[in-house]
Amino acid sequence: MRLTDLPLRQPAYVDLIDWTSLPASDAQRLREFGLCEGASVEALHHGGLLGRGPIACRVGRMTIAMRRAHAAAVTVRTGPETLGSELGA
Amino acid sequence: MSALPLVALVGNPNAGKSALFNALTGARQKLGNYPGVTVERKAGRLSLADGRPLELVDLPGTYSLDPASPDEQVTRDVVMGRQAGEKRPDALVIVVDAANLDNHLRFALELIALGLPTIVALNMVDLATRDGLELDAAALSRELGVPVIATVAVRKRGLDHLRTEMEGLLNGAPSPYPAPASAPRDFEATRQEARRIARAGVIRETPSRRLTAAVDRVALHPLAGLALLLALLFVMFQAVYAWSEAPIAMIEGLAEAAATLVRDALPDGILRSFLVDGVINGVGSVVVFLPQILILFFFILMLEATGYMVRAAFLMDGIMAKVGLSGRAFIPLLSSFACAIPGIMATRTISDPKDRLTTILIAPLMTCSARLPVYAVIIGAFIPARDIGFGIGLQGFVLFCLYLAGIVGAMFVALILRLTVTKGASGSFLMEMPKYQWPRPQDVLLGLWQRAVIFLKRAGTIIFTSTVILWLLLSFPRVPEGDPASQVDHSIAGRVASGLNVVLEPIGFNRDISLALIPAMAAREVAVSALATVYSIDAGDDEAALEQSLGDRLKGQWPLPTALAFLAWFIFAPQCISTIAVTRRETNGWKWPLFMVGYLFALAYVAAGLTYWTATALGLA
Ligand SMILES: Nc1nc2c(ncn2[C@@H]2O[C@H](COP(=O)(O)OP(=O)(O)O)[C@@H](O)[C@H]2O)c(=O)[nH]1
Ligand SMILES: [Mg+2]
C-alpha cells in the first residue's frame with residue numbers, strides 16, 4: 001500500500017521507497033528527516049479541501065509534511081513488526 | 001574578525017540553538033552578515049567562569065553537511081573553516097533535540113567526525129519528559145565520545161554546566177571519554193549508528209500524552225483548520241485597531257505638547273517651522289503608529305514561536321501549489337506582513353531557484369507594517385468607526401480587505417510569473433512540524449523590543465532625513481511677503497509635484513499626494529509624515545488649521561474617491577528603497593529588482609485608477 005492510501009492514524013512500517021522517482025534534493029531531505037525502509041510511519045492529516053493537499057505523517061519521533069507526489073513514492077506495510085522493521089522507532 | 005576564542009552553535013533546525021544562544025549571551029549580541037552572501041551572522045559574547053571572554057556564533061540550522069540552501073552552505077563552510085570572514089571555530093556546541101535523538105544524532109555524528117573539540121547540548125529535555133522519554137546523558141557521552149550535557153535552553157537549565165565544559169575544552173583539557181572506535185562515513189551507516197546510540201541513551205520510554213497531535217486534529221483539519229487560520233488573521237487585524245487606541249492617543253498628546261512647547265518658546269521663523277512642521281509633525285506622525293506595528297509583530301512572533309506558522313504553511317500548500325508556489329513560501333510571505341526585508345531574506349530556505357525568485361517578487365505585495373501608518377491615517381479619516389455587526393468594526397474590516405487585496409494580487413501575479421518569466425517544474429513541500437509550545441513572555445517581549453528599536457531607528461534616520469529634505473524643498477524659495485500665493489505652490493517641491501501631477505491626476509491624485517509620493521520612495525510611512533509636513537506648512541499661522549489632526553485636514557480636502565485610490569495605490573506601489581536593495585542583493589543584480597519595481601508601479605497605477613473611476617461613477621463623495 002502506498003503512504004497516500006494509508007488510513008489515518010494506523011501505525012505502519014515503510015516497506016520500500018522509490019528514491020529514483022524523487023528529485024535528488026528532495027530525496028536527500030527526506031532521508032535527513034529519517035525516512036528509510038523499516039521506519040515506523042503513521043499518516044496523521046491530509047491537507048487540502050479536496051484531498052489534494054499535502055500529507056502530515058509521523059516518521060519515527062518526528063512529524064513531517066510532504067506532498068502527495070512524494071508520499072506516493074513510499075510503500076508501507078501495516079501489521080506486526082517484522083525483521084526489517086526493527087529499524088523503526 | 002576577533003581574536004577571542006570562537007565557539008559555534010550548530011545543529012538541526014528547531015533544536016533550540018537560538019534559544020541557547022540567547023540564554024548564554026543575554027543582551028550582548030551583534031547581528032551582521034557574512035560577506036558575499038546574505039546570510040545573517042549572529043554572534044555574541046560570553047564570559048567563562050575564569051573571566052575569559054569568548055565569542056559564540058549561532059549558525060543557521062541544517063540537517064547535514066550537504067547544503068540544500070545558501071543558509072545551510074554557510075554552516076558547512078564555517079565548521080569546515082572555509083567561510084570567508086570567519087575563522088574556523090575553536091570548538092563546537094552541537095545542539096540536539098532530546099525528543100528526536102535518532103535524527104539529530106545522525107548530524108551530530110557527522111559533526112563530531114570533523115574532529116573539532118565538541119560538546120553536545122542535549123536540549124529540550126523538558127519536552128522529552130513531557131513525551132514520556134527519560135534519557136541518560138552519561139551513557140550518551142560514553143557512546144559519542146564527547147561530553148553530553150542536558151539543557152533546557154528556555155529555562156536556563158544546564159547552562160553553568162555547559163560553560164564549565166566549554167572552559168575545559170578551550171583550556172585543552174583532555175577528554176575523559178575514549179574516542180569512538182570509528183567514524184562512520186556514509187549516510188546509511190551514520191544513520192544506523194545514530195539509532196543505536198539513541199537507543200542506548202534511553203532509560204525509560206512510556207507512551208505519551210500527545211498534546212500536539214490533539215491540537216493538530218483541529219489546526220490541520222481541512223475545514224476547521226482553515227477557519228481557524230482565517231479567524232486568527234481576522235482577530236489580528238481587529239486587534240491592530242482595538243488595542244492601539246489608548247497608546248496612540250498618548251503619543252499624540254506628547255507630540256502636541258512638544259509642538260506647543262516649541263511654539264511658545266521660539267519666535268516665529270524658520271527654526272520654529274523646521275522643528276514644528278518638519279521634526280515634530282513629520283516624524284511624530286509616523287511614530288504614532290508604533291503601537292499598531294508592535295501589535296502586528298506580537299501576533300506574528302506568537303504564530304512563529306508557538307509552532308503554528310508551519311501548520312499555516314501546511315494548510316496553504318494546496319492553494320499555493322495552484323499558483324505554482326510551495327507551501328514553504330507561505331512563511332516568508334507571512335513574515336512579509338511585518339516587513340518585506342526579513343521576508344525576502346527568509347526565502348533562502350526555499351531550495352528551488354524559480355520558486356524562490358517568484359516568492360521574492362511577490363513578497364512586497366504582502367501588506368508590510370510600513371503601510372499601516374498610511375492605511376491607518378486614511379481609514380481613520382474617511383471610514384466611519386461603525387459596527388457592522390457581530391462586534392466587527394468597519395475600519396478593521398476595511399483594513400482586512402486591504403490585506404486580502406494584497407494577498408489575492410500576489411497569488412495572481414505568482415500565477416502569471418510561473419507561466420512566463422519564472423516558468424519551471426513545480427516545487428515541493430517538505431517540512432518538519434515542530435511540537436506546539438507556549439512561548440516564554442520574556443522572549444516575546446525581547447522580540448517586540450528589538451522591533452520597536454528598529455522602527456524608531458528608522459523613524460530617526462530614513463524618515464527623519466526624508467522629512468527634513470522635504471521640509472527644505474517645501475520651504476524654499478520663500479513666498480515674498482504680501483504675495484497671496486501659497487508657500488507650497490511656490491516651493492521647489494511644489495513645482496516638481498505639479499509636474500508629476502500631470503501623470504497622476506487621471507487616477508484621482510491631487511498635487512499634495514504627488515508631493516508626498518516622491519519622498520515616500522524612501523519608505524512608505526514617509527507619505528504620512530510628508531502629508532503632515534505639507535499641511536503643516538500650508539496652514540502657516542492659521543491657528544485653527546494647526547489645531548486639526550492630519551486626518552481631519554485630509555477629510556476636509558480630499559474627496560472620498562481620491563482617498564480610496566490612494567489606499568489602492570499603496571497595496572501595490574513598491575515604495576521602499578530597502579526592499580529594492582535587498583532584492584538586488586538576493587538576486588545578484590539589477591534585473592529582477594527593476595522588473596519588480598516596474599510591474600508593481602504599473603499595478604499600482606491601474607488599481608488606483610480603477611478604484612477612483614469606480615468610486616466616482618458610484619457617486620461616492
Ligand atoms: N520547552 C523547551 N523549548 C525550547 C527549548 N529550547 C528551545 N525551545 C523552543 O524551541 C523552539 C525552537 O528553538 P530555536 O532556538 O528557535 O531553535 P533553532 O532553530 O535551533 O535556533 C523555540 O520556540 C524555543 O523557544 C527547551 O530546552 N525547552
Ligand atoms: Mg535559530
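The values are calculated or read from the model by the stated rules, or taken from the named source; none is laboratory data. Only a predicted model underlies this, so the values are computations on that prediction, with no experimental measurement involved. Glycine gets a Cβ as well: all are built from the backbone with ideal geometry, and neighbour counts include every protein chain shown. Heads up: the accessible areas ignore ligands, DNA and RNA and are worked out on the full protein's heavy atoms, side chains in. Shrake-Rupley method; radii C 1.70, N 1.55, O 1.52, S 1.80 Å.
General remarks:
- When the solvent-accessible area of the range A:3-88 is split by element, carbon and sulfur atoms take up 56 percent of it, the probe being 1.4 Å.
- Per-residue surface analysis assigns B:HIS161 an accessible area of about 100 Å², computed on protein heavy atoms at 1.4 Å probe radius.
- Using R0 = 30 Å, the C-beta based FRET efficiency linking B:ASP489 and B:VAL262 works out to 0.70.
- Cα gyration tensor shape for the protein assembly as shown, rounded if a/c is under 1.5, else prolate or oblate: prolate
- P(r) tail fraction, chain A - alpha-carbon pairs more than 19 Å apart, %: 30
- Among beta bridges that DSSP assigns inside the protein assembly as shown, antiparallel share in %, nearest 5: 65
- Reach of B:LYS354 by Cα under 18 Å, taken over lysines that are not fewer than 8 positions away in the same chain: B:LYS322, B:LYS423, B:LYS591
- Ignoring lysines fewer than eight residues from B:LYS156 along the same chain, the ones with Cα atoms less than 24 angstrom from its Cα are B:LYS17, B:LYS30, B:LYS42, B:LYS435.
- Here each label is just a point 7 Å from Cα along the line to Cβ, and for B:ALA138 and B:LEU415 those points are 6.4 nm apart.
- Under-5 Å amide H pairs with B:THR151, H placed in peptide plane, nonlocal only: B:LEU122, B:ASN123, B:MET124, B:VAL125
- Rolling a 1.4 Å probe over the protein chains gives B:THR614 an accessible area of about 80 Å².
- Between the C-alpha center of the range B:592-621 and that of the range B:265-304 there is a gap of 28 Å.
- Shielding by partners - mean other protein chain Cβ count within 10 Å, residues of A:25-38: 5
- Net charge contributed by nearby residues that have their C-beta within less than 12 Å of B:PRO60 (K/R +1, D/E -1): 0
- Taking the DSSP bridge list for chain B and keeping only pairs wholly inside it, about 45 percent are antiparallel.
- Distance between modelled label sites at B:ARG386 and A:GLU37, nm, 7 Å Cα→Cβ extension: 6.9
- The range A:3-88: relative contact order as a whole-number percent, Cα under 8 Å and 6+ apart: 40
- Only protein heavy atoms count here; on that basis, with a 1.4 Å probe, B:MET316 has an accessible area of about 30 Å².
- The alpha carbon gyration tensor of chain B gives principal lengths a ≥ b ≥ c with a/c of 1.5 or higher and a/b greater than b/c, which makes the shape prolate.
- Full extension of the chain segment joining B:ARG196 with B:GLN557 gains 122.5 nm, where the gain is 0.36 nm per residue of separation less the Cα-Cα distance.
- Cut-off under 5 Å, modelled amide H: who pairs with A:ASP15 long-range: A:GLY38, A:THR75, A:VAL76, A:ARG77
- B:LEU266, B:LEU399, ranked by accessible area, largest first (probe 1.4 Å): B:LEU266, B:LEU399
- With a Förster radius of 25 Å applied to the C-beta separation of B:ALA246 and B:LYS457, the computed FRET efficiency comes to 0.50.
- Contact order relative to length of chain B, as percent, for alpha carbon pairs under 8 angstrom and 6 or more apart: 11
- With Cα atoms defining each centre, the range B:76-92 and the range B:411-482 are spaced 32 Å apart in the structure.
- Of the chymotrypsin sites (Phe, Trp or Tyr not before Pro) in the range B:215-320, those whose Cβ has at most 15 other Cβ within 10 Å and which sit in DSSP loop: B:TRP243
- For the segment B:326-333, counting C-beta atoms of other chains within 10 Å of every residue's C-beta and taking the mean gives 1.
- With every protein chain in place and a 1.4 angstrom probe, the accessible-area ranking of B:LEU372, B:LEU560, largest first, reads B:LEU560, B:LEU372.
- Spin-label proximity, B:LEU620 to the range B:368-389 - amide N less than 18 Å from point 7 Å beyond Cα toward beta carbon: B:374-388
- Accessible area in square angstrom per residue, the range B:257-329, 1.4 angstrom probe: 33
- A simple rule links phi to the HN-Hα coupling: the Karplus curve 6.51 cos²θ - 1.76 cosθ + 1.60 with θ = phi - 60°, which for the range A:61-75 gives 9, 10, 9, 10, 10, 8, 6, 4, 4, 6, 4, 5, 7, 9, 9 Hz, with x for Gly and Pro.
- Inter-chain neighbour count for B:315-322: the average number of beta-carbon atoms from partner chains within 10 Å of each residue's beta-carbon is 5.
- Sequence-ordered 3J(HN,Hα) estimates for the range B:80-89 from the Karplus curve with 6.51, -1.76 and 1.60 and θ = phi - 60° stand at 8, x, 10, 7, 4, x, 9, 7, 5, x Hz, glycine and proline given as x.
- Shape category assigned to the range B:524-621 from the gyration tensor of Cα positions, a/c cut at 1.5: oblate
- Sulfur and carbon atoms: percent of accessible area, chain B [1.4 Å]: 64
- FRET efficiency estimate (nearest 0.05) - Cβ-Cβ, B:LEU446 to B:PHE234, R0 35 angstrom: 0.80
- Seen from B:LEU415, the other residues with C-beta closer than 15 Å to its C-beta sum to a net charge of +3, counting Lys and Arg as +1 and Asp and Glu as -1.
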